[in-house]
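Reading through the structure tokens given below for one structure.
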Amino acid sequence: MLSSDFATSGGSTGVGVSLAARPLRVLVVDDLPDAADSLAEVVRLLGHEVRVCYDGASALAAVQAELPDVCLLDLTMPGIDGLELAGRIRGQSGRRPMLLVATTALGALEDRTATALAGFHFHLVKPVPMEALQAAFERFRAVTPRPLPLPPE
């Protein structure tokens, strides 16, 4: 099950626009609807576009339809878990910059090591603090290449 296209907070399509100049497109994936919907609301409050999926298969379909800038993935989901999902999403994204964030109740060293090895950029333990999410988004924007400006005509 997945929500329809990215729900916008500002109406920007983001096509051909620098990441610094538009809301991020964020995919939230969690098998617990309350957790997914709550996290999506936090993302909206931060001014970004959100798409919510409640399982790994729906998330893969959503990524295939439109690549997000950010994926917030729960780790312990039935079927395709967050670690496998991260690898498959990374395979679909090619060389396009994408931020992968584990959002999980698991916070032990071995869990953090597993997410690092799976290619996650951040490991945030639930409940995810809004400030930590904002910091991850800001860091992503800071290190993501921006298009060169076109000369005036």
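Worth pointing out:
- All of Glu110, Glu84 fail the test of being loosely packed, with under 13 Cβ neighbours inside 10 Å, in a helix (DSSP H, G or I), among the charged types (D, E, K, R) and at pLDDT 95 or above, apart from Glu110.
- Residue count, the stretch 86-126 (criterion: closer than 20 Å to Asp34 by Cβ and aliphatic (A, V, I, L, M)): 6
- Residue match in the stretch 126-149 (condition: crowded, with 18+ Cβ neighbours inside 10 Å and over 16 Å from Leu27 (Cβ atoms)): no
- Residue check for Ala36: in a helix (DSSP H, G or I) and in contact with a Phe, Trp or Tyr (Cβ under 9 Å, 6 or more places away or on another chain): yes
The values are calculated or read from the model by the stated rules, or taken from the named source; none is laboratory data. Computed from a prediction, not measured in an experiment: that's the story for all the values here. Neighbour counts are summed over all protein chains in view; Cβ atoms, including those assigned to glycine, are modelled from backbone coordinates with ideal geometry.
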